[in-house]
Amino acid sequence: MTHEIDLEAVVGRFYTSLYRFALSLTKNEAEAGDLTQQTFFILAQRSHQIRDSSKVKCWLFTTLRREFLRALRVQSSHPHVEFRPEIHDGPSISPDALRALDAKAVIDALHQIEPTYRTAVELFYLSELSYKEIAQTLEIPIGTVMSRLSRGKEQLKAILAAAISENSDKIIPLKRDEEAAH
């Protein structure tokens with residue numbers, strides 16, 4: 001019994017969460033996009049090997065992580081110099097960037113979590129994987145996933161609490177109540 005996978009439906013369903021996971025690993029939008037595309041390309045080539053379509057989500061996240069690690073190995077043996085617009089070009093802030101500041105603060109905090117716990121937290125929150133799916137993706141027991149998530153969440157809370165207290169003088173309250181009164 002051959003079971004065809006609807007690639008278009010799979011891409012539509014998982015692209016965003018897979019891209020978010022790739023972005024959390026690479027910390028670079030272009031690399032995250034490339035890694036996500038590569039993962040779907042591999043799926044297109046090997047979709048006939050997937051016997052149970054309910055396992056596609058785990059397969060995608062596991063494949064993306066393996067491709068990321070493979071690329072790291074290649075990059076460490078063949079380093080390259082990257083052009084960085086934020087260094088070489090003048091600063092510019094778009095309205096979208098301003099709206100993303102809060103999300104950026106959370107992502108920055110996420111990157112401060114110890115790497116052992118960070119991946120599990122990213123898979124849980126950014127990629128919306130279940131404990132079981134995280135265990136399969138990282139190839140670790142569910143108990144380890146639960147432990148890593150617990151410790152990672154504690155670290156994230158502490159980092160965000162410290163960031164809020166450090167920046168409390170920079171937080172500008174919304175004045176909707178006052179504006180509405182005038």
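The values are calculated or read from the model by the stated rules, or taken from the named source; none is laboratory data. Note that the coordinates shown come from a computational prediction; the quantities given were computed from them, not determined experimentally. Note: ideal-geometry Cβ built from the backbone for every residue, glycine included; neighbour counts use all protein chains shown.
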All positions within region 109-124 that are hydrophobic (A, V, I, L, M, F, W, C) and in a helix (DSSP H, G or I): Ala109, Leu110, Ala120, Val121, Leu123, Phe124
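Please determine whether any residue of region 49-71 is among the small types (Gly, Ala, Ser), surrounded by fewer than 16 Cβ atoms within 10 Å (Cβ to Cβ) and more than 19 Å from Leu126 (Cα to Cα).
Within region 49-71, the subset among the small types (Gly, Ala, Ser) is 53-54, 71.
Cutting the leftovers down to surrounded by fewer than 16 Cβ atoms within 10 Å (Cβ to Cβ) gives us 53-54.
Still in the running and more than 19 Å from Leu126 (Cα to Cα): 53-54.
So far as region 49-71 goes, yes, one or more of its residues are among the small types (Gly, Ala, Ser), surrounded by fewer than 16 Cβ atoms within 10 Å (Cβ to Cβ) and more than 19 Å from Leu126 (Cα to Cα).
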Any pair with Cβ under 8 angstrom, 6 or more apart, that starts in region 40-63 at a residue that is of a type in the set (S, T, N, Q) and ends at one that is surrounded by 12 or more Cβ atoms within 10 Å (Cβ to Cβ): Ser47/Ile5; Ser47/Leu7; Ser53/Ile5; Thr62/Gln136; Thr62/Thr137; Thr63/Thr39; Thr63/Ile42; Thr63/Leu43
Scan of region 29-48 for residues that are surrounded by 14 or more Cβ atoms within 10 Å (Cβ to Cβ) and modelled with pLDDT of 90 or more, ordered by number: Glu31, Ala32, Gly33, Asp34, Leu35, Thr36, Gln37, Gln38, Thr39, Phe40, Ile42, Leu43
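Could you pull out the residue among Ile113, Ile159 that is at pLDDT below 90, at negative phi, surrounded by 12 or more Cβ atoms within 10 Å (Cβ to Cβ) and not basic (Lys, Arg)? Steps first, answer last, please.
On the way: Ile113 fails: at pLDDT below 90.
When all the criteria are applied, what remains is Ile159.
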Pairs where the first residue, in region 121-142, is outside the structural domain of Ile107 (by TED's automatic domain parsing) and the second is of a type in the set (A, V, I, L, M, F, W, C) and surrounded by 15 or more Cβ atoms within 10 Å (Cβ to Cβ), C-beta under 7 Å, 6+ apart: none
